[in-house]
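Q: This is the structure I want to talk about, given as structure tokens.
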Amino acid sequence: MGHPVERASGARAETELPPGQRLQRGWPVTHYGPVPKFRPERWDLQVFGATADGGKRAWSHEEFTALPYATVVADLHCVTKFSMLGAEWGGVPARAVLDLAPPAPGVTHVMVWAEYGFSANLRLADFASDHTVFATHKDGELLTAEHGFPARLIVPHLYAWKGPKWVRGVEYLTADRRGFWEQRGYHNIGDPWQEQRYTYQEQPGDGPGL
């Protein structure tokens, strides 16, 4: 039997692009800094912060690959204005991580941590979406190192910077805190359909002060 496939299409046509975006054929490599070297014996995914039991949870790479696997067909919208439509992302649903390592009742946001201290903040509801996945595969093939192997977060309804490559941890937060790009001028929420690209576009309540 194959894995279940979900389609993150919402109410919009599958060929519709967010404002200011252009259709991309192929998948450009975009990231800040070097590509980390993957050492499976040293790799783990940690969940910490305001957990329900006050403890920390970690999975080795072998344990992580044994977690529930799902496939989501979803778009990827980069803030640099390209959009890749209808990609098939396979990996561990964020909901599975939330179920196995529940947040405390007061948690409102998460900080997703990646190699080299990179981070992206998300509202808990965005992280908990049925279409948010720690992707290990695209279109049935393992991700390459340049595209985020062994795991990158895919949050289809937000700009792609909200889904870091080379993810290593999830921190549960009881108050919002800006991540790496959000501290450097990118919008705190990052909804491509509202073209929330930059900090100066934020409205009251969109994020904490800089």
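The values are calculated or read from the model by the stated rules, or taken from the named source; none is laboratory data. Remember, predicted model here, so these are calculated numbers, not experimental data. Here Cβ is always computed from backbone atoms with ideal geometry, including for glycine, and neighbour counts include all displayed protein chains.
Q: Of all residues in the stretch 86-119, how many are surrounded by 20 or more Cβ atoms within 10 Å (Cβ to Cβ) and within 19 Å of LEU76 (Cβ to Cβ)?
A: 9
Q: Within the stretch 1-20, track down each residue that is surrounded by 11 or more Cβ atoms within 10 Å (Cβ to Cβ) and modelled with pLDDT of 95 or more.
A: Passing the criteria: PRO18, GLY20.
Q: While we're looking at this one, here's another question. Output the residue which, of all residues in the stretch 120-145 that are farther than 15 Å from GLU88 by Cβ, small (Gly, Ala, Ser) and in contact (Cβ under 8 Å) with a residue 12 or more places away in the chain, is surrounded by the most Cβ atoms within 10 Å (Cβ to Cβ).
A: ALA120
Q: Which residues, taken from the stretch 49-63, are hydrophobic (A, V, I, L, M, F, W, C), buried (at least 17 other Cβ atoms within 10 Å of the Cβ) and in contact with a Phe, Trp or Tyr (Cβ under 9 Å, 6 or more places away or on another chain)?
A: ALA50, the sole residue that qualifies.
Q: May I ask you to verify whether GLU182 is within 28 Å of GLY106 (Cα to Cα) and more than 14 Å from the chain's Cα centre (by Cα)?
A: When the stated conditions are applied, GLU182 passes them.
Q: Which condition does ASP191 not pass, out of (1) surrounded by fewer than 19 Cβ atoms within 10 Å (Cβ to Cβ); (2) more than 18 Å from ASP75 (Cβ to Cβ); (3) within 14 Å of the chain's Cα centre (by Cα), if it passes all the others?
A: Going through (1) surrounded by fewer than 19 Cβ atoms within 10 Å (Cβ to Cβ); (2) more than 18 Å from ASP75 (Cβ to Cβ); (3) within 14 Å of the chain's Cα centre (by Cα) one by one, ASP191 breaks only (2).
Q: When you go through ARG178, ARG152 one by one, which is the residue that is in contact with a Gly (Cβ under 9 Å, 6 or more places away or on another chain), within 14 Å of VAL92 (Cα to Cα) and basic (Lys, Arg)?
A: ARG152
Q: Right, another one. Which residue out of PRO156, PRO208, PRO150 is within 17 Å of ALA74 (Cβ to Cβ), in contact (Cβ under 8 Å) with a residue 24 or more places away in the chain and outside any strand (DSSP E or B)?
A: Being within 17 Å of ALA74 (Cβ to Cβ), in contact (Cβ under 8 Å) with a residue 24 or more places away in the chain and outside any strand (DSSP E or B) holds for just one of PRO156, PRO208, PRO150, which is PRO156.
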